[in-house]
Amino acid sequence: MNKASKFIIGILSVSTVTAGVINYKLGDTIKGLEEEIKEKKDQNKLIEIKHEDLGRELVRVKDDKETIENKTKETEKMNQYLIELFNGFNGVTYEQLNLIPSNLYGSAFPRNQLHYELIGLGLPSAENLWFYESYISSLNFERKVPNWVCQRIRIEDFKEKIADRKYCNFNNNTIQVPNHFKQENKDYWGSGWSKGHMVPAGDNIKSQESMCQTFLLNSNIVPQDLNNNQNFWYRLESFCKNQLINRFKSVTIISGPIYHHPNLIEQLDEDQLKSRPKYSKQTQKKFVKYEVIGDRNVAVPNYLYKIILVEPKDNNNNKPYLLGSFIIPNVPISSDAVLTDYEVPLHEIEVKTGLQFFKKLNPQTDIQSLCESDPINCMMMTEKDLLPRLIGFCRSTRDINDLKNEYKHINWDDNLTNLLNSKSLEINQIEELKKQEKLLKK
């Protein structure tokens, strides 16, 4: 082999080795590129998946946004409806509420802890609600009287006397009641009916403002038989604030009128029986009849109801509430009548009024009978205990004589006799001064 051949072979060997090295390096590079490409593809796939997820999330967000916008529109419509409903129910517009001084005229919304506690028991209805300092009232614009009035008293309410009823007067400053639905004092003039408090003024001695709010005609007053008002009804009120509050932690009371009690039944005559519709077996007609008084036709209830719910002092053991419900005829009540004569099941009052009382409580587990639990729980003050108040009501010598004749069956002790004589002397002096004034005018 000559030198040229050897040289060429040497070059080819070097070239082959070089090519092998180059091929090896190119293989690594290609492999690296392929792995990089694969990694990029995987990343792109992840990005595509993320894009798809973001796309779905965007669609969901858009759907949620549309749902929220629709709900907001519906809520706005509902709010507008509720405002219109409120305006129609309360006789004062929603916008005007902020202009009403709540401490003077009450409020359409609960304002204190008492209100929320009473709401927690379940209010009887939501018609024309109005919240006063010491009570909640549901007003009946047609009858010009409350449907119900709810209060709560505790022994602490009577520790200090600040208020005096001589600074209060009956009025119709019920700003939420349209003028043509308002009671007026003159509706009672000459009617023979007294203005009967549902929440007693005497239950509000701790605040002059709350006492005067009990004199609001549409909110707390109904036409009531005078004898009933001054005697049996007063003894019932006194029973709550003088006896029950000393034995129980709190006393919640709901009072109101009853009209829907069929009190007039007419038998069908022969002609009416013959003209009855086919298949009718009716032989009589039943009517609900009640009196109205004054130019405003204020409705006189046939009955009054009072529902008393007491909370035990030691309620750590989850003792049930005690409840007594009573229907009182709106007529003079016999002097020998006792409270249990008028006790009825709560259901009976609900049927006659269309109201539901204390519906947040379970009647099976949360409530027991007030009178059955202990007879002393339903023993009111006697007529003799009432006499000091009746003596205070006397305004003339005739009133004094009528009182002595009406209660001559009672044993008048020295204290009662002295009180009566003192009142007689006071009246005689007033009557004598009036006589002298008449003589001077002549």
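The values are calculated or read from the model by the stated rules, or taken from the named source; none is laboratory data. Quick caveat: nothing in here was measured; it's all calculated off a predicted structure. Cβ: placed from backbone, ideal geometry, glycine included. Neighbour counts: every protein chain shown. Areas reflect the complete protein model, heavy atoms only, side chains present, ligands, DNA and RNA absent. Shrake-Rupley method; radii C 1.70, N 1.55, O 1.52, S 1.80 Å.
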Ordering Ser373, Ser219, Ser396 by the accessible surface of their heavy atoms, 1.4 Å probe, largest first, yields Ser373, Ser396, Ser219
For Glu117, placing the label point 7 angstrom along Cα-to-beta-carbon and taking segment 192-222, residues whose amide nitrogen sits under 18 Å are 199-200, 203-207, 210-211
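What number, in nm² with one decimal, is the all-direction average of the projected area of the convex hull of the alpha-carbon atoms of segment 315-442?
On the way: hull surface 54.1 nm².
Average projection, Cα convex hull of segment 315-442: 13.5 nm².
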For the chain, the percent of accessible surface on carbon and sulfur atoms (probe 1.4 angstrom, ligands and nucleic acids excluded) is 53
Rounded to the nearest 10 Å², the 1.4 Å probe accessible area of Arg389 is 70
Cα pairs beyond 25 Å in segment 193-310, in percent, come to 42
What the 5 Å binned alpha carbon P(r) of segment 360-420 shows, as percent of pairs per bin from 0, is 3, 14, 19, 15, 8, 8, 8, 8, 7, 7, 2, 0
Zone reached by a paramagnetic label modelled 7 Å from Glu266 Cα along Cα→Cβ, restricted to segment 279-295 with backbone N below 13 Å, covers 284-289
The helix 414-441 Cα axis meets the longest alpha-carbon principal axis of the chain at an angle in degrees, between 0 and 90 and rounded to 10, of 80
Between Arg389 and Glu52, the two model label points (7 Å from Cα along the beta-carbon direction) sit apart by a distance in nm of 8.4
So, with points 7 Å from each Cα along the Cβ direction, the Asp28-Ser125 label distance in nm works out to 9.6
The correct ranking of Glu270, Glu57 by accessible area at 1.4 Å, largest first, is Glu270, Glu57
Among (1) 231, 81, 35; (2) 82, 58, 48; (3) 175, 69, 54, the entry matching Cα extents along the principal axes in Å as calculated here is (3)
Listed residues Asn228, Asn70, Asn242; largest mean-square fluctuation, Gaussian network over the chain with Cα springs below 10 Å, found at Asn70
Within the chain, cysteines having no neighbouring cysteine beta carbon under 4.7 Å are Cys150, Cys240, Cys394
Result for the chain: accessible area per residue, probe 1.4 angstrom, in square angstrom, of 61
At R0 = 35 Å the Cβ-Cβ FRET efficiency linking Asp402 and Tyr167, nearest 0.05, sits at 0.75
Per the rule of 0.36 nm per residue minus the C-alpha distance, extending Ile367 to Asn79 adds in nm 100.0 nm
Quick calc, the chain, dipole around Cα centre from Cβ unit charges on Lys, Arg (+) and Asp, Glu (-), nearest 20 debye, gives 660
